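Trainee: Take a look at the following structure, please.
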Amino acid sequence: MASSVLAQSSTTSGGPAGKAQSQPSTAQGSPSNRPISTLTPGTPAPPTDPITLAQTRELLNLMDYKKIEDGNWSQMITMNRRAAPFIPEDVWTDVQANINTIDYPTLMQPIYAKYLSQADAAKALEFYRTPAGKRVLQSMPPLLGESVAASQQKGRELGRQAIEKHRTEIEEAQKKYQAEHAPQGAPGPGTGGAAPTKPTSPSTTPAPATPPSTAKPQR
């Protein structure tokens, strides 16, 4: 999702919603002020001057984050309605009403605060406020979704090609394994027993981890 472009937020609003703070801190401890080689991939040190709540709110507004989430929740509720048609309509009304109360900037703030500084956010927002920046930010969710799907499809194709290339080798290894692990007294392959099953091609490759854990459809 586009939220991965900016990954942080602070615990103070620092001003009215939708307005980034001026004079961002340039603390020496911030990741943006250290050589990239000092940051271990996957375990970035939290900045000492994290992105503010106001910056987070503006970022999410620019990417139409609430609109994206509303669409995802609507799909999820529709699917659950079809799967459980016996649930009374007023239940879904309450579910939707509760979901509508989510304050996404406040919810995302502690997560974003782990990764980006105020200076990082200020520079990013300067670009995202431009027409080109808005297009980049709003295109990120579908762009990432299609990229993941394309990678998975290519991985499946290449996996099947590798399996087919080694088909004979795999079948021989399977027969040997079944013969070595057959129960005592059981007929082995070629002695009237059941024919060994044909190895199958992998149907999928490991997919990147996905953030949502509430049965919402992937973006």
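Trainee: Residues in segment 63-76 that are loosely packed, with under 15 Cβ neighbours inside 10 Å and of a type in the set (A, V, I, L, M): how many?
Mentor: Here the count works out to 0.
Trainee: Only residues that are aromatic (Phe, Trp, Tyr) and surrounded by 13 or more Cβ atoms within 10 Å (Cβ to Cβ): list them for segment 103-157, please.
Mentor: Scanning segment 103-157 gives TYR104, TYR112, TYR115, TYR128.
Here, each number is a calculation from the coordinates, and none is a lab measurement. In this text the structure is predicted, and so the values were computed from the model without any measurement. Neighbour counts run over all protein chains shown; Cβ positions are idealised from the backbone, glycine included.
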